[in-house]
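Shown next, in structure tokens, is the structure this report addresses.
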Amino acid sequence: MTDTIATQAPARSVVTEIPGPKSQELLARKAEAVANAIPANLPVFIESAHGATFTDVDGNTFLDLGCGIGVTTIGHTDDAVVAAVREQVGKLTHSLVGQTPYEPYVRAAELLAELTPGDFKKKSFFVNSGAEAVENGVKVARKYTGRGGVAVLEHGYHGRTNLTAAMNFKIAPYGNGQGPLASSVFHAPNSYPFRDGLSGPDAAKRTQWYLEKHVGVEELACLVVEPIQGEGGFIVPADGYLPAMQEWCTKNGIVMIADEVQSGVCRTGTNFASEQLGWTPDIVLSAKGIAGGMPLAGVTGRAEIIDAMHSGGVGGTFGGNPVSCAAAVAVLEQVTSRDLNGKAKHIEEVITGHLRKLQESYPIIADIRGRGAMIAVELQTEAGTPVSAGPIAEAAGKLGVMVLTAGADGNILRFLPSLVITDEQLDDAFDVIGEVFREVASA
């Protein structure tokens, strides 16, 4: 397949130890001035980035299979995004949209109405982050239904605010020691085919039974679901699970919300992951890849649900900043024109091909899953004991390949490359990952 997106394809190059001397100096400054709670998992300082690579202050160039946790889906410093930001900065950097609105906000909302699942009337509003989008999606659902309960699924991740920390499956490290956390949040079993072996309909019946018996449907305002779970380890539910849950929610007057903060905006090979899983949500939450690295998140849903909120009930000083909205327009207008979904599907083929070959030699790769440019492996022994993915990610980083970990047991390696990555860059990255697996296997 000819790559029609990437304009540059810098090669991986490690010229110093990792971290290099300049990064070490900056790490010392960071320790003195920055909160200890902010880590440096790959302990290098980025100086510049473009496409699928970034270069640190010591001149090392890394292949980026993390994308700032799925943010630079369209690539670092995408030309159209940079041009849109530059133009907008020269015209208007800020205006509270609820006081004096501006066109980029409206255009971004129009594009989300076109790109999100469902052919019904939709409306949107914008906030600053994925967690804020989740909070506001819940607020709208509560206002629309007149109910207070929030249902979420095991292994889900939704943010670090008080409400979203309560919604997370893992309290540590995202909320421990920070309570009391928000109440009226109920955790139900999810569909996890690798571990539970249930069909979609059977897994849905289990979730529904739990919520009916442990909560009561009359208490629930919404069910918030990641169609493909991110921090949980790229868990893809069994076929039929999400449509069955939506049918149950609709029947019981519950708003079903798709948290597509990580899986949205062409990441999985469709505009939003819920599409390919047969699901048309009532509300779709977007962030991360929506604005090419600028801070922005969207809440998009059925017009009658979104408009249930009274004037002034949502919004904020910086929500839908004009510069971020201009960046979002530049990203969303390229969805079709540059066939971003086709590129994601091709990346899936390349990555899973490499991983299947590795799996033949390294049985600790117990499961390969995900969609598009959102692929993960679950590592465990033949006896089922989780194998930590941390040492593999650390070793790959020292060789110039940025990869991420995930999962409740820390045994998931996840790959979130930008859609501009070339086959040659992927081949090089997985040569490195293969080398790391050989070292782990011989250790």
Subject >> Residue-span extension gain [A37 to T336] - 0.36 nm each, minus C-alpha spacing >> reply: 103.7 nm
Original post:
Ranking H187, H310 by Cβ neighbours within 10 Å, fewest first, what do you get?
Top reply: H310, H187
Original post:
Reachable lysines from K30, Cα under 16 Å, same-chain residues fewer than 8 places away excluded?
Top reply: K22
Original post:
What does the charge dipole of the stretch 259-400 about its Cα centre add up to, to the nearest 20 debye, if the Cβ of each Lys and Arg holds +1 and the Cβ of each Asp and Glu holds -1?
Top reply: 400 debye
Original post:
Hey, with R₀ at 51 Å, roughly what FRET efficiency would E17 and H310 work out to, going by the Cβ-Cβ distance, to 0.05?
Top reply: 0.30
Original post:
Past the 30 Å Cα-Cα mark, which pairs from K170/K205; K205/K357; K139/K251; K251/K288?
Top reply: K205/K357; K251/K288
Original post:
Counting other C-beta atoms within 10 Å, which of D79, D56 has the fewest, and how do the rest follow?
Top reply: D79, D56
**OP:** Using a Gaussian network model of the chain whose springs link C-alpha atoms within less than 10 Å, name the residue from G156, G407, G90 with the highest mean-square fluctuation.
**Re:** G90
**OP:** Would you work out the charge dipole size for the stretch 80-337 about its Cα centre, treating the Cβ of every Lys and Arg as +1 and the Cβ of every Asp and Glu as -1, and quote it to the nearest 20 debye?
**Re:** 420 debye
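Here, each number is a calculation from the coordinates, and none is a lab measurement. Computed from a prediction, not measured in an experiment: that's the story for all the values here. Neighbour counts are summed over all protein chains in view; Cβ atoms, including those assigned to glycine, are modelled from backbone coordinates with ideal geometry.
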